[in-house]
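Below is one structure, written out as structure tokens, with a few remarks after it.
Derivation of every value follows stated rules applied to the coordinates shown; laboratory data play no part. Every value quoted in this text rests on a predicted model; they were computed, and no experiment measured them. All Cβ positions, even for glycine, are placed from backbone atoms using ideal geometry, and neighbour counts span all protein chains on display.
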Amino acid sequence: MPTDNGDFLAHYSEKGLVELNFPGRHVNGDTQSKETMSAEIRAWYQITRAALHKMLAGERVDKLPPLDATGTDFQKSVWREMQKIPAGQTMSYGEIARAIGKPKAVRAVGGACGANPIPVFVPCHRVLAANNKIGGFSSGLDWKRKLLAREGINV
DNA sequence: CATCAAAAACTCC
DNA sequence: GGAGTTTTTGATG
């Protein structure tokens, strides 16, 4: 999946987008050409690519493919909560923890963010530490800063 | 399978 | 700096 920032790699199941990888972390082996994909996945691919371009351009994304992220109940709660963060805004790990009803699970929230298989669409980059510090990012802090800058957020 | 220990992208004093 | 909370993960019996 080519973008202005490199080639992303998407994984799909029968139910939707399972995983999205940043450029440079390619695990080759079981990639498929567009020709051998089902029509359904080709459609998702188009939507995914369009949404990705909008994200990288800092525009609001109106359409996303179905997401089929796998994880524990706790992780899915965290990811669901993060998807509710509007573009251009941030939350702290503590706020996420409160939002899912476990105010003291802040540390665990950090872990769930790190386990997020679909960065950008599940906007873990909009989650900062409590004192407005950048925290960490699984695919590199450069990406986090870049994505935040695109949305007009400065750290 | 059940249990235990250790670690984590945090927070608060 | 250091202690505290929750969850996940890998080792062990």
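Using only alpha carbon pairs under 8 Å that are at least six residues apart, calculate the relative contact order of the stretch A:75-121 and give it in whole percent.
Rounded, it is 43 percent for the stretch A:75-121.
Considering the options A:20, A:57, A:74, tell which one lies farthest towards the positive end of the dipole of the stretch A:4-95, charges being +1 on Lys and Arg and -1 on Asp and Glu at the Cβ, about the Cα centre.
Most positive-ward Cα: A:57.
Stretched out fully, how many nm does the piece from residue A:141 to residue A:46 gain, at 0.36 nm a residue minus the Cα gap? It would help to have the intermediate numbers written out before the result.
Values: separation 95, 0.36 × 95 = 34.20 nm, distance 2.75 nm.
Here the segment from residue A:141 to residue A:46 would lengthen by 31.5 nm.
Of A:101, A:88, A:114, whose Cα points farthest to the positive end of the dipole of the stretch A:47-123 (charges on the beta-carbon: +1 Lys, Arg; -1 Asp, Glu; origin at the Cα centre)?
Among A:101, A:88, A:114, the one farthest towards the positive end of the dipole of the stretch A:47-123 is A:101.
Using modelled amide H (1.01 Å from N, peptide plane; none on Pro or chain starts), what sits under 5 Å from the amide H of residue A:67, excluding residues fewer than 5 places away?
So residue A:67 has HN proximity to A:17.
I need the shape label for chain A. Rule: rounded when a/c is under 1.5, else prolate if a/b > b/c, else oblate, with a, b, c from the alpha carbon gyration tensor.
prolate
Can you give me the distance in nm between label points at residue A:131 and residue A:36, each placed 7 Å from the Cα along the Cα-to-Cβ direction?
Rounded to a tenth, the inter-label distance reads 5.2 nm.
So for chain A, averaging the separation of alpha carbon pairs under 8 Å that are six or more residues apart and normalising by length, what relative contact order in percent results? Walk me through the intermediate numbers first.
Working: 194 pairs, mean separation 33.8, N = 155.
Relative contact order of chain A: 22 percent.
Give me the dipole magnitude in Debye, nearest 20, for chain A about the Cα centre, with unit charges on the beta carbon: positive for Lys and Arg, negative for Asp and Glu.
620
Given the pairs A:54/A:144; A:54/A:102; A:104/A:144; A:104/A:146, which span a C-alpha to C-alpha distance of over 23 angstrom in this model? Could you put the intermediate results ahead of the total?
Values: A:54/A:144 16 Å; A:54/A:102 33 Å; A:104/A:144 25 Å; A:104/A:146 30 Å.
With Cα atoms farther than 23 Å apart: A:54/A:102; A:104/A:144; A:104/A:146.
May I ask you to list the residues of the stretch A:1-21 whose amide nitrogen lies under 16 Å from a point 7 Å from Cα along the Cα→beta-carbon direction of residue A:56?
So the set is A:1-11, A:20-21.
Per residue of chain A, what 222 nm ellipticity follows from adding -39500 (n - 2.57) for every DSSP H run with n ≥ 4, rounded to the nearest 500? Could the numbers behind the result be given before it?
Values: 5 runs with 56 residues, N = 155.
It comes out at -11000 deg cm²/dmol, rounded to the nearest 500.
Going by how many other Cβ atoms sit within 10 Å of their own, how do A:45, A:12 line up, fewest first? Walk me through the numbers before you get to the answer.
Details: A:45 17, A:12 21.
Fewest to most other Cβ atoms nearby, the residues stand as A:45, A:12.
Want the number for residue A:68 to residue A:100: 0.36 nm per residue separation, take away the alpha-carbon distance, what's left? If you can, show how the numbers build up before the last one.
Details: separation 32, 0.36 × 32 = 11.52 nm, distance 2.01 nm.
Here the answer is 9.5 nm.
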